Structure formats: C-alpha cells, structure tokens
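The values are calculated or read from the model by the stated rules, or taken from the named source; none is laboratory data. For clarity, every value in this text was computed on a predicted model and none was experimentally measured. Because the Cβ atoms are built from the backbone with ideal geometry, glycine has one as well, and the counts that use them run over all protein chains shown.
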Amino acid sequence: MQIYDRHGGSGTLRVADRIAMINCHVIPPCFLTHYSLTTVITIENVSKSYDDGTTYAVHEMELEIARGELLVLLGESGCGKTTTLKMINRLIEQTSGDIIVDGVATTKVNPVELRRGIGYVIQGVGLFPHMTVAENVGVVLQLLRWDRAAIDQRVDELMNMVGLPPEQYARRRADELSGGQRQRVGVARALAARPRIMLMDEPFGALDPLTRDGLQTEFLHLQRALGLTVVLVTHDMVEALLMADRIAVMERGRMVAVGTPQKLLSGSSHPYVEALMQTPRLQAEKLEKLSRRDATP
C-alpha cells in the first residue's frame, strides 16, 4: 500500500509499521516546520448549550490553531466535535465565548460572507444532483459574481488539481461518479474561492479503504502545497494519527487533551485519552501477530 503521511514520508508500509514510526518519533525535519506559528483561529472559552445551560454540547473550549496547520478534532460520536467545527463558520452559533478568525470575531462578520471565505467539506459531499460536475465546482464562484470566463478557467484548474480532467468529467452528473470521485468534487468546490481555511467533517469516512487512503494522501499534498489551515473531524484513530499536526481530543463536550500524535501516543494522564491511544497500539500488535503467523511455515 502506497502511503504518505506527515510523520514518515511515502513508501510501502504495514499499518503496524506506520503506527510504530509515529510512536518512535521517526519524523523527518521537513514535516515539523511546514506551518506557521501565527494563530489564524482562536477559540476562547466557547460553550454551546441547547437548553439554557442545563447541559452543554461544548463546554469552555479553549484552542488556538496555527496558519497552515492540520488540526484534528477527535472523539466519540456526540462529544462535540462537529458542533465545534460548525461554530467556526457559524452554521451553529455559540452560546458564549469568542471565536476569532484572522483577528476578527466571527460574530462581527456576516455569516454568509464568513462561510464563503472558508472551505467546507462533509462526508456526504452534498453535490447538487441537477448540476454537472463543472457547475457544482463553480457554484460558489457564481454566488461571488465571478465572470463566466474566470469561472470556467478556475473550474478547469480545480478539476485538474483533484485528478478529474475536465474534458472527461466536467459534463457528468453526481450519479455518474463513484464515491471517491464525488468526494474529489466536494474538495474542488470547497477550494473554489481560494480559502485559507478548510473545515472537514468526516470527509473520508464513507469511502472504501483503498479509496480513502489514496484521497488522504492526495489531500495532504494539496494542503501542504496551498498552505491551507485545516480543522478535520474524525473518530478514526489511524486517520487522526497519520494526518494531523496536532490532535484535540474531546469527551462529553470538553477538550481533554491537545498535542501532536507523538505526544499523545507517548502517554497521557487522562484515562479517556490513554484508552483512545491504546486502540491503535492493540491493532498494530494484532496485525503483527497475524503477519508472523502467516509467515510461519
């Protein structure tokens, strides 16, 4: 399996080896310095309650995200990951606290304008079924009133960027695409207006393993090349470990730990975090045992 991740370059490796490399701090220097120390997103004491404070979906969240960083929000279903993500672009309004993007509180920005400047990719992609691929990719640019020639040029550029040659795919509709191809269209559409920030909610979760691995690889290349700041929601431990610069672990609406994959794998005093990190270790051990058993004459 050909892989690319932040922590060991590219090559053919078993999952056990990939996890071991992270755990053993085998990290080329180029993977440590690709993002800026400038904070682009600040989440200050943010809470979200749907019942006037009786319970909280997110409670007293504090987090800073650097320009060019890929930060993963990790945790079980219902822990507040997606709520946190959607508060960044105001699809959900926070109950209290402040979210600051590029130095400006999001509550002081028109939510529609805010969202147009932030890419957003979801698991189901959400392509418009009555539109062609090219029309789906260019829909945000039409809303921004780009002229036709500029839209066509940008759509062609984006389709080539995500591996969908426009001469082959531009006139197809969503139901004529595979799941992986639809996800590529979703990424292209999110990149259309040249956002510096991308929010991604389980973007690879519904794909088969080979397609998922390939798209993760390609997206990391794109993210690095474009200098995107990415906040990605997942409950997939291996995905989080291999893609993230840092991981913010959430439990029951609270952020209980934040750190690099190496730091979190090396041990945590929080029992939930330690239990999460134990999962890939156990998986690696089981795979290693299977490999040894299969190799035994």
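Residue-by-condition table, conditions (1) part of a helix (DSSP H, G or I); (2) in contact with a strand residue (DSSP E or B) (Cβ under 9 Å, 6 or more places away or on another chain):
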position	(1), (2)
Leu199	no, yes
Leu210	yes, no
Gly214	yes, yes
Thr217	yes, yes
Ala225	yes, no
Ala240	yes, yes
Val249	no, yes
Q. Only one residue in Ala57, Ala66, Ala134, Ala105 is farther than 30 Å from Met277 by Cβ, surrounded by 16 or more Cβ atoms within 10 Å (Cβ to Cβ) and either among the aliphatic types (A, V, I, L, M) or over 15 Å from the mean Cα position of the chain (by Cα) (or both). Which one?
A. Ala134
(Q) Considering only region 279-292, I want to know if a residue exists there that is touching a Leu at 6+ places or on another chain (Cβ under 9 Å), in contact (Cβ under 8 Å) with a residue 12 or more places away in the chain and surrounded by 19 or more Cβ atoms within 10 Å (Cβ to Cβ). (A) yes
Q. Conditions: (1) surrounded by 17 or more Cβ atoms within 10 Å (Cβ to Cβ); (2) not in a loop (DSSP other than H, G, I, E, B). Pro195 meets all but one. Number of the miss?
A. (2)
**Q.** For Arg246: the one exception among (1) out of contact with any Asp or Glu (no Cβ under 8 Å at 6 or more places or on another chain); (2) in contact (Cβ under 8 Å) with a residue 12 or more places away in the chain; (3) assigned by TED's automatic domain parsing to the domain that holds Met61
**A.** (1)
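Results for (1) closer than 22 Å to Leu226 by Cβ; (2) in a helix (DSSP H, G or I); (3) modelled with pLDDT of 95 or more; (4) not assigned by TED's automatic domain parsing to the domain that holds Gly68, shown as yes or no for each residue.
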| site | (1), (2), (3), (4) |
| --- | --- |
| Val125 | yes, no, no, yes |
| Phe128 | no, no, no, yes |
| Val139 | yes, yes, no, yes |
| Gln153 | yes, yes, yes, yes |
| Asn160 | yes, yes, no, yes |
| Gly163 | yes, no, no, yes |
| Asp175 | no, yes, no, yes |
| Gln183 | yes, yes, no, yes |
| Arg189 | yes, yes, no, yes |
